[in-house]
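A short worksheet on the structure shown next.
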Amino acid sequence: PKVLVLYIVFVLTIGLSVMLAEFAIGRAGQRNPVGSFRALKGGAWPAAGGLGVIAGFVILSFYSVVGGWTLAYAIKSVTGALASNDPKVLGAAFGTFIADPLDVIGFHTAFMVLTLVIVAGGVRHGIERAARILMPILALLVIVLAVRAVTLDGAAKGIAFFLTPDFSKVTWNTVNAALGQAFFSLSLGMGTMITYASYLNRQVNLPKTAAQVTLLDTGFAVIAGLMILPAVFAFGFDPAAGPGLTFITLPAVFAQMPAGALFSFLFFTLLAIAALTSAVSIIEPVVSYLIDERKLSRRTATWGAGAVIWALGVPSALSLGPWKDITVGGKGILDAVDYLASNIMLPLGGILIALFVGWSVAARAVDEAQSGGDHPFALARVWIFICRFVAPAAVAWVMISGL
């Protein structure tokens, strides 16, 4: 709750502006993140695109591990392994699962293979086809589960907890977390939006598209909160965030609901689909870079990059089990990699993108945002001002204060 208001503010101001900047860079450059920066300006700027490609490697390495957990729990929901309503029993079961190298690496592998199969199919036959099938299912599951949650007895407390801001508990770490989540949920700073925009034609209205994507993403985030917290409060459980809420508390909640096994299966299937669609978006800039810059075929680029990312994910997979005593900066491997990506790499990428559009290619970016005059953009000056001053300063301030 204390993050929600900050998250929405960051999304609708800095997030929307950086997204439009990425759209303008991608469609004008017509290439991957590195190639688009080079096509527009050159010099040292392509390194900013390279940061996004590297961020994709880093993020997907641990994201695939967590995605594997969702696959495992969707299966466990069907087999009856999550039938207990005792958080202690479920907590012990989760601890046993993530400590088993064969289980976590096996599901990490399965999730990675599913992602690569989609991406190897190409933009039209792989990514677009998967999105047409998976996104409507995702939307339907979110709505069904949210309606069920808010209609439970006692759900009002959870709704109030989620929607009522508590600024007395806000710290710089909270602000940093909200900013990192805004960038992560909108796929900013990792080259995803630059890559997807390179596939758009000149007739697409970029400001309108950026606004639609941002509002839809924010709406999904709010509905997802309403899907979870009211149910947690309805059954009197602790609403603490993190893996404990998702993989321990919620299964206990579902076990007490009528048709709980069905709703548990739907929920973890929803998480798996959401994770899979995000993973496809994260790796596409990496694949696009290898195709454009290294002249690899899509199949070779996809499976080659996937193999490297899979290997990088193994330490994260083992960090809650056999390697749990290994720490980096006081954090476990998975948490340290997550912090590096979400709190440093993505915001830094956002700063560079904003500065590039605001100072280096402002006129070209405005022309691209207006589709060469076909779609007049009344807020162009405001957008450039945000890219020049507001976004870089605000993001840098939050990053430094949160260190």
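Read-outs throughout are calculated quantities, based only on the coordinates presented, and are distinct from any laboratory measurement. Since the structure is predicted, the reported quantities are computational estimates derived from the model, not experimental observations. Neighbour counts run over all protein chains shown; Cβ positions are idealised from the backbone, glycine included.
Some points to look at:
- Three-way shape call for the stretch 1-79 based on the alpha-carbon gyration tensor, with the a/c threshold at 1.5: oblate
- Comparing F267, F356, F161 in a Gaussian network model of the chain (Cα springs below 10 Å), the most mobile by mean-square fluctuation is F161.
- Using alpha-carbon coordinates, inclination of helix 129-150 to the longest axis of the chain, degrees: 50
- Rg/Rg_ref, the chain, where Rg_ref = 2.2 N^0.38 Å and atoms are Cα: 0.98
- Each of P258, V222, I194 was scored by the projection of its Cα onto the charge dipole of the stretch 4-402, and the greatest displacement toward the positive side belongs to I194; charges sit on the C-beta of Lys, Arg, Asp and Glu.
- Cα gyration tensor category, rounded, prolate or oblate, for the stretch 219-330 with a/c compared to 1.5: prolate
- Dipole in debye (nearest 20) - the stretch 4-402, about Cα centre, beta carbon charges: Lys, Arg +1; Asp, Glu -1: 860
- Length added when fully stretched, T209-R129, from 0.36 nm per residue minus Cα-Cα: 26.8 nm
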